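Taken together, the values in this text are just the output of simple stated rules run on the coordinates, not laboratory data. The shown structure was predicted, so the numbers you read here are calculated from the model rather than taken from an experiment. Using ideal geometry, Cβ is built from the backbone for each residue, glycine included, and neighbour counts are taken over all protein chains shown.
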Amino acid sequence: MALTARQRNALPDSAFALPSKRAYPVPTKAQARKAGISEAQRLRLHRNALARSTSSRTAGSYPTIARKVRARAGTKVATVGGPKGNVSTPGPRGRNTTKARRR
């Protein structure tokens, strides 16, 4: 479920990865709770921000967005492997499980 206008407007500028543009909402737990956003929805916002930042047609760079997401979600959100779009699942070993096999 996407954010409603009321929820997005309730978030402070600091809850966005690009605060000057209010782009890529990545709220902390406290900010999300205050805006009426569930924990599952908050983590989904973080995953969406990472995925959208890999596209060449969006504002912001992947390292900038990833740094903000990691600071707020830790390992609860999968990492998107740069512009190629490889996705790895978070885990104790931190290995990328979707790499193509080389022959």
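Amide H to amide H, which residues 5 or more places from Leu18 or on other chains are under 5 Å from it, using H placed in the peptide plane?
Answer set, sorted by chain and number: Ala23.
Which value, in debye to the nearest 20, describes the size of the charge dipole of the range 5-76 about its Cα centre when Lys and Arg Cβ atoms bear +1, Asp and Glu Cβ atoms bear -1, and nothing else is charged? Before the final figure, lay out each step's value.
Working: 17 positive and 2 negative charges, 19 e Å.
Taking the Cα centre of the range 5-76 as origin, the dipole is about 100 debye.
With each pseudo-label sitting 7 Å past Cα toward Cβ, what's the Lys29-Arg8 distance in nm, one decimal?
In this crude label model, Lys29 to Arg8 measures out at 2.7 nm.
Starting from the range 1-67, pick out the trypsin sites (Lys or Arg not before Pro) whose DSSP state is loop and whose Cβ has at most 15 other Cβ atoms within 10 Å.
On the way: sites: Arg6, Arg8, Lys21, Arg22, Lys29, Arg33, Lys34, Arg42, Arg44, Arg47, Arg52, Arg57, Arg67; in loops: Lys21, Arg22, Arg57.
Filter output for the range 1-67: Lys21, Arg22, Arg57.
Any idea what the alpha-carbon Rg over 2.2 N^0.38 Å comes to for the range 5-76? Can you show the working numbers first?
Numbers: Rg = 11.2 Å, N = 72, 2.2 N^0.38 = 11.2 Å.
With N residues counted in the range 5-76, Rg over 2.2 N^0.38 Å equals 1.01.
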